[in-house]
Amino acid sequence: MQLAKFEAKFFNGNSSKPTKTNIEIIENEYLKFTVGSKLYRFNLNDVQLNTLIARNSKRIYLLNNSFLELSSECNVEIYFKSSNFVSNIIHKIENNLLLICLVFLLSIFTLFIINYYVIPTTAKTITNSISEEAYLKIQARTSNKYLLDSLFPYKSEISSSRKNEIKKYFLMHCSIVKNCPNYTLIFKKGGPKIGPNAFTLPDGQIIFTDELINISTNDNELVSIFSHELGHLRYRHWLRQSLQETVFGILIVSLTGEIETIISGVLTGIIGNIYSKDMELEADKYAKKFMETTCIGTHHFNAILTKLNPKDIDERYSFFSTHPQLNKRIMGQSTNCI
Ligand SMILES: [Zn+2]
């Protein structure tokens, strides 16, 4: 008769207080142990072994939430070959450096595929499936008067008449385009960190900094940037980005336990300027169509992009920091305007 003995702690499922016992595994078929005067006997097919990776114990789950806890050094897995195939595979991986490396690389590759393809596609489908009415309700809930002032603490120094001139010019072009998104134009001074830039907030506010207005040569250059920001609104990019980062954050938290990740994901989504390169190119595409419809030459977009020099401002806030390379964004000449 084949016999293996292990020291273990027995938890009866009702109390967190364990009772020490010795378990015997007989003929690779069943295990038995005694607690007090009571003898327990289980077929190995009726119990479940959990090797509890990264912990210093292993558990054998019995009936009615009761379980046995063994030291991680007990090589009990070999008796559970038929009933705990997965546990045995995991145990083999844990003890083989090459397999650990392979599983690690496979995990990174899987995370990459999930982050760059599965989550963005799913987020896009969900965002596009939300009705206009429901979207407006979500958008209204994101409105936060403190967010704008905390992100842009400096008041605009552009004169009221110049602001009205720009507002009128933008509105005139927006009215030509079919389904031009609802927006509110806000002027702020960027300051040393933000500099010449434009942003779109989740609630539909488009912010133009004084510095951006000042480096523009003409208002058509400003319209070209304005149309790019409208593209972010049109395709609901902030919602897509928030969904993507939140889902990916939850995934990372479930794998690593790092709660900070999810918080940063939600916040970057709300701030709304940290869009993926795909979204930036999508906004550029919208801008190109907008400019063609309103007869504004795309060379204006190319001209202002070239003027936005990221070296002069904080990289984190740069118009280019999350944007695709300039040469990928330069637009071809408009064809339907003279
Ligand atoms: Zn953008």
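Of all residues assigned to the stretch 12-23, none qualifies as being closer than 19 Å to Phe80 by Cα, loosely packed, with under 11 Cβ neighbours inside 10 Å and polar (S, T, N, Q). Against the numbered list (1) in contact with a strand residue (DSSP E or B) (Cβ under 8 Å, 6 or more places away or on another chain); (2) surrounded by fewer than 18 Cβ atoms within 10 Å (Cβ to Cβ), Lys193 comes up short only at (1). Meeting the requirement of 2 or more residues that are at pLDDT below 85 and in contact with a Phe, Trp or Tyr (Cβ under 9 Å, 6 or more places away or on another chain), the strands (runs of 3 or more DSSP E) wholly within the stretch 1-107 are 48-50. Flag: Lys178 matches the condition of being exposed (fewer than 10 other Cβ atoms within 10 Å of the Cβ), out of contact with any His (no Cβ under 9 Å at 6 or more places or on another chain) and within 30 Å of Asn220 (Cβ to Cβ).
Only one of the numbered conditions (1) surrounded by 13 or more Cβ atoms within 10 Å (Cβ to Cβ); (2) part of a helix (DSSP H, G or I); (3) of a type in the set (S, T, N, Q) is not met by Ser143, and that is (2).
All of Ile206, Ile225, Ile213 fail the test of being among the β-branched types (Val, Ile, Thr) and away from the ligand (no atom under 14 Å from the Cβ), apart from Ile213.
Looking at Ile119, Ile158, which is the one that is among the aliphatic types (A, V, I, L, M), under 30 Å from Ile296 (Cβ atoms) and in the same structural domain as Leu308 (by TED's automatic domain parsing)? Spell out how you get there, then give the answer.
Values: Ile119 fails: under 30 Å from Ile296 (Cβ atoms).
After ruling out the rest, the residue left standing is Ile158.
Would you mind stating whether Phe187 is crowded, with 16+ Cβ neighbours inside 10 Å, within 14 Å of the ligand (Cβ to nearest atom) and among the aromatic types (Phe, Trp, Tyr)? If you could, list the steps in order and put the result at the bottom.
Details: crowded, with 16+ Cβ neighbours inside 10 Å: yes; within 14 Å of the ligand (Cβ to nearest atom): no; among the aromatic types (Phe, Trp, Tyr): yes.
Against the criterion (crowded, with 16+ Cβ neighbours inside 10 Å, within 14 Å of the ligand (Cβ to nearest atom) and among the aromatic types (Phe, Trp, Tyr)), Phe187 does not qualify.
Taking the options Ile119, Ile138, Ile166, name whichever one is touching a strand residue (DSSP E or B) at 6+ places or on another chain (Cβ under 9 Å), in a helix (DSSP H, G or I) and hydrophobic (A, V, I, L, M, F, W, C).
On the way: Ile119 fails: touching a strand residue (DSSP E or B) at 6+ places or on another chain (Cβ under 9 Å); Ile138 fails: touching a strand residue (DSSP E or B) at 6+ places or on another chain (Cβ under 9 Å).
None of the others qualify; the one that does is Ile166.
Of the set (1) free of Cβ contacts under 8 Å to residues at least 40 places away in the same chain; (2) within 29 Å of the chain's Cα centre (by Cα); (3) more than 16 Å from the ligand (Cβ to nearest atom), all apply to Lys167 but (2). Listed by position, the helices (runs of 4 or more DSSP H) contained in the stretch 212-292 that have at least 2 residues being of a type in the set (A, V, I, L, M, F, W, C) and modelled with pLDDT of 75 or more are 219-234, 237-256.
The values are calculated or read from the model by the stated rules, or taken from the named source; none is laboratory data. All values reported here derive from a predicted model rather than from experimental measurement. Don't worry about glycine lacking a Cβ; one is built from the backbone with ideal geometry, like all the others, and counts go over all protein chains shown.
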